[in-house]
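Student: A single structure is presented below for examination.
The values are calculated or read from the model by the stated rules, or taken from the named source; none is laboratory data. Everything numeric in this text was worked out from a predicted model, so none of it was measured. Ideal geometry is used to build each Cβ from the backbone, glycine not excepted, and the neighbour counts take in all protein chains shown.
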Amino acid sequence: MWELFTHPANIAFSTSLCLMFLFGIFEILLTIIGGGSQTLLDQFLTDSATPNAETHIDADHGLMGKALDWLYLGRVPLFVWLIIFLTAYALTGFIIQGITLQMTDMLFNVWLISFACLFLCMPVVRTVAKLVAKILPQDETMAIYSDELIGRTATIILGEARQNYPAQAKVIDHHGTTHYILVEPETEATFGQGQSVILTHKIKTVFQAVSV
């Protein structure tokens, strides 16, 4: 086992385990002095991986944002996510290399297996992060999904809304927070400024509505 751990072909996995233990020691030290690494690390998350506290509306994220969301990066503390990733990456690599060694008496090339395990471990990372997200207490948030606005009454505040020509409207969610959205009629109707409408569904970034 020690030979497998120290073999040059497994350097990436050995390093991952060492980093995991170093993170643990680092966290213990910060806890002793009254701090914590979670806030320190979470500030490095991109906007794609964190809820938008200003708009509170889920936008059409790019491919990177969808990938981060799929991995639950941003739904659990970044420090915890890194521990999960390093552990899953290292164990995936050691298991594959161990099986290969038993069957062929050889090991995969260090570059090939290191790169391949980055992808192979992701389903494990997602599964564990999803479980951890359910266990860890969540901070209360005012963020909502845009679909939660459907059925609410909005007011046209700028322009005239016609089919395929949306106008800006405002709507208040159940938290009392005001959101500014684009609205167009569901039928051939026209909505004028100041008119109240009921949101019926959403197509991409535009809400469709009917008159009150």
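For every residue, the table says whether it meets (1) closer than 26 Å to Leu118 by Cα; (2) of a type in the set (Val, Ile, Thr); (3) touching a His at 6+ places or on another chain (Cβ under 6 Å); (4) at pLDDT 50 or above.
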residue: Thr15; (1), (2), (3), (4): yes, yes, no, yes
residue: Ile32; (1), (2), (3), (4): no, yes, no, yes
residue: Asn52; (1), (2), (3), (4): no, no, no, no
residue: Asp58; (1), (2), (3), (4): no, no, no, no
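Student: Can you name the number of the only condition in (1) surrounded by fewer than 15 Cβ atoms within 10 Å (Cβ to Cβ); (2) farther than 11 Å from Leu149 by Cα that Thr200 fails?
Tutor: (2) is the only condition that Thr200 fails.
Student: Name the single residue that is surrounded by the most Cβ atoms within 10 Å (Cβ to Cβ) among those in the stretch 203-212 being under 27 Å from the mean Cα position of the chain (by Cα) and touching a residue at least 12 places away in the same chain (Cβ under 8 Å). It would help to see each step written out before you state the result.
Tutor: Our first condition is that a residue be under 27 Å from the mean Cα position of the chain (by Cα); within the stretch 203-212, this holds for 203-207.
After this cut, where a residue has to be touching a residue at least 12 places away in the same chain (Cβ under 8 Å) as well, the list is 204-207.
Values: Lys204: 7, Thr205: 12, Val206: 14, Phe207: 26.
Per the stated criteria, the residue is Phe207.
Student: Looking only at the stretch 73-86, decide whether some residue is in a helix (DSSP H, G or I), modelled with pLDDT of 90 or more and out of contact with any Leu (no Cβ under 7 Å at 6 or more places or on another chain).
Tutor: yes
Student: List the number of the failed condition for Asp173; all other conditions in (1) over 30 Å from Phe13 (Cα atoms); (2) out of contact with any strand residue (DSSP E or B) (no Cβ under 7 Å at 6 or more places or on another chain) hold.
Tutor: Failed condition: (2).
Student: In the stretch 195-212, what residues are modelled with pLDDT under 90, of a type outside the set (Ser, Thr, Tyr) and outside any strand (DSSP E or B)?
Tutor: Matches in the stretch 195-212: Lys204, Val212.
Matching residues to (1) of a type in the set (Ser, Thr, Tyr); (2) part of a loop (DSSP other than H, G, I, E, B); (3) surrounded by 12 or more Cβ atoms within 10 Å (Cβ to Cβ):
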position: Ala154; (1), (2), (3): no, no, yes
position: Ala169; (1), (2), (3): no, no, yes
position: His174; (1), (2), (3): no, yes, no
position: His179; (1), (2), (3): no, no, yes
position: Leu182; (1), (2), (3): no, no, yes
position: Ala189; (1), (2), (3): no, yes, yes
position: Gln193; (1), (2), (3): no, yes, yes
